[in-house]
Amino acid sequence: MDIRQLRHFASVMDNRSFSVAARELRISQPALTRSIRALERRLGADLFARNQRGTRPSAAGRECYRYATNILNDCRRAAEEVAAIRTGGVGKVSVGVGASYVASVLVEVTARVTAELPTLEFEVTEGLVEDLLDPLLDGRIDAILTTFATVPTRPDLVLEPLLEVAPMLVASARHPLARKRAPAARELAAASWASIDQPYTLDVLSRLFVSSRLPAPRPLRSNSLTLIKELVASGQYLSLLPARAVSSELAAGSMVTIAAEIPARPVEGGIVYLDRPVRSAAVDRVMQLMRDACASGPA
């Protein structure tokens with residue numbers, strides 16, 4: 001299969017336009033059309049459905065695009081790895097990480113990477129697993145360190161459990177309910193809440209009030225853990241967060257846990273990566289450093 005044809009095809013898919021892709025690739029549109037036609041003949045399938053309303057990807061085209069992006073990203077990464085080694089480096093490793101693992105795990109991992117692999121190009125992207133999964137699947141990142149609660153089951157994904165995570169009810173030490181040993185359910189329901197915008201956490205918050213037959217609060221929702229923690233620190237909000245996310249605040253006493261029966265079993269967390277035969281030594285080493293860092297500290 002011709003890499004140039006795959007690159008041409010991926011550009012059309014990315015830009016949703018033959019003309020825009022041709023300009024981006026700096027080739028004529030007829031030449032681009034011939035390249036795509038040749039790829040279609042090679043595959044024995046139409047990659048685009050052509051009609052009077054325009055050109056749209058076919059089912060075969062959408063499936064081909066999934067493989068094409070992986071192949072092209074693998075080629076790019078191979079070139080980067082070789083270039084880095086040629087100039088005295090050890091390559092590049094890109095990881096995704098859930099926000100609650102940044103302070104408790106990634107700070108330690110980054111320090112170890114800097115000490116052991118000073119020439120490694122190490123890239124970290126923080127985010128929710130829903131936002132990190134596509135970059136993992138198409139090869140832009142090598143692994144994700146996250147909680148498994150919302151990771152889909154796929155035959156090409158490996159979920160390597162390293163710890164268990166359970167949400168706790170946390171508040172600023174200055175919050176009015178922080179001084180109560182066990183606040184009543186009605187007091188919790190009347191409080192202001194902030195929550196990570198993920199189905200698992202929102203579902204736990206909703207079920208917290210089911211047994212009391214109280215309406216669940218409508219929390220301020222955000223995908224920013226930093227914002228959630230700042231809201232809690234303000235003394236005006238409660239939140240459900242794992243211990244790892246607020247370990248330093250709990251240790252300093254600026255945040256406290258509030259006694260409440262949380263209706264959630266611990267969920268597994270760890271490394272998510274593609275089941276593939278080839279990984280660089282640098283990726284393997286960074287993943288081992290993640291394992292070591294997860295072996296200690298709160299859940």
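In the stretch 107-147, what count of residues is obtained for those that are part of a strand (DSSP E or B) and modelled with pLDDT of 90 or more?
Selection size over the stretch 107-147: 10.
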Practice task
With the condition kept exactly as written, say whether any residue in the stretch 163-174 is part of a helix (DSSP H, G or I) and among the hydrophobic types (A, V, I, L, M, F, W, C).
Solution key: no
Fill in the blank from the handout: Of the residues in the stretch 274-289, those that are outside any loop (DSSP other than H, G, I, E, B) and open to solvent by 30 Å² or more (accessible area, probe 1.4 Å) come to Ala281, Asp284, Arg285, Gln288
Problem - Candidate set from the stretch 96-146 (those that are of a type in the set (Val, Ile, Thr), under 27 Å from Tyr67 (Cα atoms) and open to solvent by 30 Å² or more (accessible area, probe 1.4 Å)); member that is farthest from the chain's Cα centre (by Cα) - result: Val124
Problem - Meets criteria (over 30 Å from Thr119 (Cβ atoms), open to solvent by 40 Å² or more (accessible area, probe 1.4 Å) and in contact (Cβ under 8 Å) with a residue 60 or more places away in the chain) for Ala259 - result: yes
Practice task
Count, please, the residues in the stretch 117-148 that happen to be farther than 22 Å from Thr201 by Cα and touching a helix residue (DSSP H, G or I) at 6+ places or on another chain (Cβ under 7 Å).
Solution key: 11
Exercise for the section: Please give the number of the condition Val232 fails out of (1) open to solvent by 70 Å² or more (accessible area, probe 1.4 Å); (2) among the β-branched types (Val, Ile, Thr); (3) in a helix (DSSP H, G or I). Expected result: (1)
Completion exercise
Within the stretch 175-218, of all residues that are among the aliphatic types (A, V, I, L, M) and within 30 Å of the chain's Cα centre (by Cα), the one nearest to Ala99 (Cα to Cα) is Ile196
Exercise for the section: Scan Arg186, Arg181, Arg218, Arg213 and give me the residue that is open to solvent by 80 Å² or more (accessible area, probe 1.4 Å), at pLDDT 90 or above and farther than 22 Å from Ala245 by Cβ. Expected result: Arg186
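The values are calculated or read from the model by the stated rules, or taken from the named source; none is laboratory data. As the structure is a prediction and not an experimental result, all values here were calculated from the model. Methodologically, a virtual Cβ is constructed for each residue, glycine included, from the backbone with ideal geometry; neighbour enumeration extends over all protein chains shown. Areas reflect the complete protein model, heavy atoms only, side chains present, ligands, DNA and RNA absent. Shrake-Rupley method; radii C 1.70, N 1.55, O 1.52, S 1.80 Å.
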